[in-house]
Amino acid sequence: MSIANKLAREELINMVPYQSARRLFSSSGESAANKIWLNANEASGDGIYQLEAKSINRYPDFQPESLLKAYSNYVQQPVSNILATRGADEGIELIIRTFCKAYHDDILICPPTYGMYAISAENHGAGIVKVPLIDNKLDLESLKTKVGKVKVVFICSPGNPTGNLLPQAQIKAAIELFKDSAIVVVDEAYIEFSAKDSVVSWLAQYENLVILRTLSKAFALAGLRCGFTLANCDIITMLSKVIAPYPISAPVAEIASIALAKDNLAQVNIRVEETTLLRQQLGSWLTEQPWCETVHHSDANFILFKASSVETKDFIFNTLVEQGILIRDQSKQVQLEACLRISIGNESELELLKQTIDSAFRK
Ligand SMILES: Cc1ncc(COP(=O)(O)O)c(C=O)c1O
């Protein structure tokens with residue numbers, strides 16, 4: 001037995017890490033250059049920012065002021081309600097580590113949902129209570145039965161991989177249900193694709209509300225690793241005790257601040273408009289295909305659809321992989337048998353995807 005196996009926490013020995021899009025298909029190496037990446041809900045195209053990186057001999061501020069101010073302007077919340085993190089993923093982990101005592105407290109998730117809530121909980125030794133969605137909406141009656149039994153509730157809106165916004169009345173009801181007993185995290189990673197539906201304005205009203213945001217999606221900066229946790233200042237103070245001392249590197253703060261400058265926000269709006277149009281076109285095309293059983297409604301930068309059978313789903317997925325077109329198989333999640341998720345890339349990438357599937361079915 002290796003020393004790692006002998007000494008590691010027992011539950012890590014058989015634990016399977018999160019199967020991120022990049023663990024499944026690496027983006028480095030020669031073969032990666034020719035692939036079409038539609039499996040991680042990123043934006044297409046190249047990065048466009050130039051770095052000065054003048055003071056990388058110094059440690060960065062714990063929370064770089066220029067970055068917090070820029071996000072504060074963007075989100076219309078005071079700086080004291082914002083914590084910048086290494087992606088929204090770090091926010092998820094921090095919330096669990098801050099509010100759940102290991103091997104004692106539980107989180108609640110509503111599957112099918114984003115995989116990192118469960119992985120972070122497992123990693124920390126927090127239990128996982130599941131209240132599945134019903135028709136892609138919250139099951140409030142079942143949530144009611146969990147009041148007092150969990151410390152953190154994760155709600156994803158727009159949902160990944162489902163794609164749809166949850167009704168605001170349902171989100172409000174969930175926050176109110178748990179107002180004395182649990183933190184309710186609303187994950188708004190994709191909210192720029194339906195910005196008017198954010199619940200950010202509720203922060204002043206609900207002490208137990210936490211919102212997760214990211215620059216990885218509509219800002220096209222997934223490689224930067226920059227996200228934000230929004231909450232009242234008492235929660236932010238608590239999370240700040242758990243986060244690493246220098247979470248945001250100086251180059252990250254510099255690029256993120258530029259991306260958030262007023263003049264650059266127009267680019268986000270343009271990207272959102274283009275993505276929405278391409279998503280509608282892809283959705284209509286999918287709906288017309290005989291091998292496609294259901295197309296889920298999407299308010300985000302991806303589309304989930306159900307193939308007519310598991311065999312058809314495998315055929316589509318494998319045909320695309322053979323041609324270097326990577327999409328995401330979601331069929332292991334509850335309620336998502338035979339489902340695949342396609343990120344909205346650019347027009348030519350999606351055209352190639354359609355042609356590749358078309359010609360495979362014509363053979
Ligand atoms: C719903 C949801 N939340 C959070 C994240 C993590 O985002 P980040 O890249 O900021 O860590 C993702 C990434 O795909 C996501 O889909």
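Data for the structure
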item	result
Dipole moment magnitude, nearest 20 debye, the stretch 225-297 about Cα centre, only Lys, Arg, Asp, Glu C-beta charged	280 debye
Rel. contact order, % - alpha carbon contacts under 8 angstrom, at least six apart, the chain	22 percent
Chymotrypsin sites (Phe, Trp or Tyr not before Pro) restricted to DSSP loop in the stretch 69-149 with at most 11 other C-beta within 10 Å	TYR103
Estimated translational D of the chain in µm²/s (Stokes, Kirkwood radius over Cα pairs; 25 °C; 0.890 mPa s)	114 µm²/s
Pairs of alpha carbons in the stretch 1-93 whose separation is greater than 15 Å (percent)	79 percent
Sparse-neighbourhood loop sites, GluC sites (Glu not before Pro) in the stretch 145-199 - DSSP loop, at most 12 other Cβ within 10 angstrom	none
Extent along principal axes [Cα atoms of the stretch 65-263; Å; largest to smallest]	46, 34, 29
Rg(Cα) / (2.2 N^0.38 Å) computed for the stretch 168-324, rounded to two decimals	1.29
GNM top mover of VAL272, VAL129, VAL186 - the chain, alpha-carbon springs below 10 Å	VAL129
Total formal charge among the other residues, if their Cβ is under 13 angstrom from that of ASP106, Lys/Arg +1 and Asp/Glu -1	+3
Built amide H within the under 5 Å cut-off of VAL129, gap 5+	ILE107, LEU108, ILE109
The chain, helix-only ellipticity at 222 nm - DSSP H runs n ≥ 4, -39,500 (n - 2.57), divided by all residues, nearest 500	-11000 deg cm²/dmol
Within the chain: Cβ-based charge dipole about Cα centre, in debye rounded to nearest 20 (Lys, Arg +1; Asp, Glu -1)	600 debye
Residue of GLU311, GLU293, GLU347 that the Gaussian network model of the chain assigns the largest fluctuation, springs spanning Cα pairs under 10 Å	GLU311
Descending Cα extents along the principal axes, the stretch 261-363, whole Å	48, 30, 23
Cα-only Debye scattering, the stretch 194-273: base-10 log of I(q)/I(0) at q = 0.11, 0.15, 0.17 Å⁻¹	-0.36, -0.67, -0.85
Per-selection metrics, the stretch 226-313 (Cα): Rg and Dmax in Å	20.2, 54
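No lab work stands behind these numbers, since they all come straight from the coordinates. All values derive from a computational prediction rather than experimental measurement. Please note: Cβ atoms are built from the backbone with ideal geometry, for glycine as well, and neighbour counts cover all protein chains shown.
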